[in-house]
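The values are calculated or read from the model by the stated rules, or taken from the named source; none is laboratory data. The structure displayed is predicted, hence computed values, not measured ones. Cβ: placed from backbone, ideal geometry, glycine included. Neighbour counts: every protein chain shown.
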Amino acid sequence: MKEHHYKVNITWTGNRGNGTSSYNSYDRNHTITAGQKPVIPGSSDPAYRGDKTRYNPEELLVASLSSCHMLWFLHLCSVAGVVVLEYVDDAAGTMEETTDGGGHFTEVTLFPVITVASEEMVEKADDLHEKANALCFIARSCNFPVHHKPIYKIAEHV
C-alpha cells in the first residue's frame, strides 16, 4: 500500500494580549500554510465569534469535497473521451449542532454546472459522478452523504 503524507501549519493569530482569559477576550483568527504556498486566512464561523472575511473550517471541508470530486470527475472524463470545457460548482453543506455543544455534517451537495463539447457527451459525463465520488479521497473519508446535482451545458449551444 502506498502512503501519502500531508503537512500544514496552523498558527493562531487572535491573541489580543490576554490570550484566552475569557470567551470574549480573543479572536478566532489563524493562518493556514503548507510549504511555500499562499497563506489561507482562517477563522471560525461568525456564529462562533469568527471573522466573516476569513475561511472557516466548515467552508474548507465543503471546498475540499468539491475540489476532490471535480479533479476525479475531470480525470475520468478525459479517460472516457468526454471533453469538459468548463466546470463551476456552488457546493453546499449542512452541519447540525448537537446538545453537547459540538456538531457534525449531515450532508454536502455539489451543484456543478458543466459545459461539455457536444450533446452526445452528457449521458457519459453524468454516469461518471458516481465513480468520481467513489474514488474521491475526501468523500471516502466522510461519514455523511455527498450528493451530486449537476447541470450540463453544451458548448455549441452556449
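Results, tabulated for the structure shown:
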{"item": "Residues being surrounded by fewer than 19 Cβ atoms within 10 Å (Cβ to Cβ) and in a loop (DSSP other than H, G, I, E, B) - total across the stretch 66-110", "result": "8"}
{"item": "Residue match in the stretch 34-56 (condition: touching a residue at least 24 places away in the same chain (Cβ under 8 Å), part of a helix (DSSP H, G or I) and within 28 Å of HIS148 (Cα to Cα))", "result": "no"}
{"item": "Selection within the stretch 111-148 - of a type in the set (Gly, Ala, Ser) and surrounded by 15 or more Cβ atoms within 10 Å (Cβ to Cβ)", "result": "ALA125, ALA132, ALA139"}
{"item": "Hits in the stretch 19-37 - residues which are surrounded by fewer than 10 Cβ atoms within 10 Å (Cβ to Cβ) and over 20 Å from the mean Cα position of the chain (by Cα)", "result": "SER22, TYR23, ASN24, GLY35, GLN36"}
{"item": "SER78 in contact with a strand residue (DSSP E or B) (Cβ under 6 Å, 6 or more places away or on another chain), in the same structural domain as TYR152 (by TED's automatic domain parsing) and among the hydroxyl-bearing types (Ser, Thr, Tyr)", "result": "no"}
{"item": "Residues of the stretch 107-158 that turn out to be polar (S, T, N, Q) and closer than 19 Å to VAL79 by Cα, as a count", "result": "3"}
{"item": "Meets criteria (among the hydroxyl-bearing types (Ser, Thr, Tyr) and within 30 Å of GLU156 (Cα to Cα)) for SER44", "result": "no"}
{"item": "Criterion (in contact with a Leu (Cβ under 8 Å, 6 or more places away or on another chain) and either small (Gly, Ala, Ser) or outside the structural domain of PHE144 (by TED's automatic domain parsing) (or both)) met by exactly one of GLY42, GLY19, GLY35", "result": "GLY42"}
{"item": "Any hit, the stretch 140-151, residues being under 24 Å from ILE40 (Cα atoms) and either touching a residue at least 60 places away in the same chain (Cβ under 8 Å) or outside any helix (DSSP H, G or I) (or both)", "result": "yes"}
